[in-house]
Amino acid sequence: GNSVTQMEGPVTLSEEAFLTINCTYTATGYPSLFWYVQYPGEGLQLLLKATKADDKGSNKGFEATYRKETTSFHLEKGSVQVSDSAVYFCALAGYNNNDMRFGAGTRLTVKP
Amino acid sequence: DGGITQSPKYLFRKEGQNVTLSCEQNLNHDAMYWYRQDPGQGLRLIYYSQIVNDFQKGDIAEGYSVSREKKESFPLTVTSAQKNPTAFYLCASSIDRGPDGYTFGSGTRLTVV
């Protein structure tokens with residue numbers, strides 16, 4: 001079945017550092033890929049998505065490229081801020097949407 | 001603004017009690033979902049529903065029940081049969097097909113006292 005594996009945390013960075021959180025997937029067909037962010041005590045918010053190979057999703061300085069050849073969707077940001085501290089989830093869904101699979105989440109802490 | 005609302009934000013349950021968590025959406029989404037999140041863990045699917053009056057078990061349905069009498073509403077009951085109910089519960093909704101992903105509510109934290 002479909003599954004997502006993401007880098008285990010926690011990740012601690014200094015402000016303005018470069019961020020990469022790795023995500024790889026296993027899927028049949030052509031899934032859509034997502035990154036969600038969860039701030040403390042809140043639900044998940046969609047950060048970015050990509051729906052086909054070589055698509056790049058971007059939002060708030062974060063980027064991720066759908067790489068079919070390496071089955072990856074790594075999250076990157078060039079310069080993190082303290083306000084980026086949160087848990088980040090990689091996810092995939094098939095066209096029918098009713099079987100979205102989430103990674104275990106990666107906790108990011110950014111220190112001033 | 002359209003969105004998905006969960007209530008209450010915090011809920012306390014005594015041993016042996018059933019409790020019901022509310023989830024309402026005004027996004028006109030067909031599908032709705034309930035997830036459980038334990039500290040430091042990912043999300044585990046409890047139940048989902050793609051249409052009114054129909055729902056399917058997820059990975060951890062034991063000790064939980066749901067109903068879908070209206071498109072907008074998908075309440076979750078945590079029954080006394082759920083032996084370890086303390087967790088953060090998340091409701092989500094989506095269109096039935098297509099690549100838009102899920103919209104999540106802000107969650108309910110359930111604690112057994």
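Where both bridge residues fall in chain B, DSSP classifies roughly 90% of the beta bridges as antiparallel. Reported value for segment A:50-112: 101 Å³ per residue, from the convex hull of its C-alpha atoms.
Mean separation of Cα pairs under 8 Å and 6 or more residues apart, divided by the residue count, gives chain B a relative contact order of 35 percent. Between A:SER79 and A:LYS52, the modelled label-to-label distance comes to 3.5 nm, taking each label 7 Å out from Cα in the direction of the beta carbon.
Counting DSSP beta bridges in the protein assembly as shown, what percent are antiparallel, to the nearest 5? Rounded to the nearest five, the antiparallel share is 90 percent. For chain A, the relative contact order comes to 37 percent (Cα pairs under 8 Å, sequence separation of at least 6). Other residues with beta-carbon under 15 Å from the beta-carbon of A:LYS68 carry, at +1 per Lys or Arg and -1 per Asp or Glu, a net charge of 0.
Legend: residue pairs B:LYS14/B:LYS71; A:LYS77/B:LYS9; B:LYS9/B:LYS57; A:LYS56/B:LYS9; A:LYS77/B:LYS71; A:LYS60/A:LYS111, Cα-Cα distance threshold 29 Å; pairs beyond threshold, B:LYS14/B:LYS71; A:LYS77/B:LYS9; A:LYS56/B:LYS9; A:LYS77/B:LYS71.
Run through every distinct alpha carbon pair of chain A and return the Kirkwood hydrodynamic radius in angstroms, one decimal place. This gives a value of 14.0 Å. Per residue of B:102-112, other chain Cβ atoms within 10 Å of the residue Cβ number 3 on average.
Read-outs throughout are calculated quantities, based only on the coordinates presented, and are distinct from any laboratory measurement. Since this is a predicted model, take the numbers as computed values, not measurements. Neighbour counts are summed over all protein chains in view; Cβ atoms, including those assigned to glycine, are modelled from backbone coordinates with ideal geometry.
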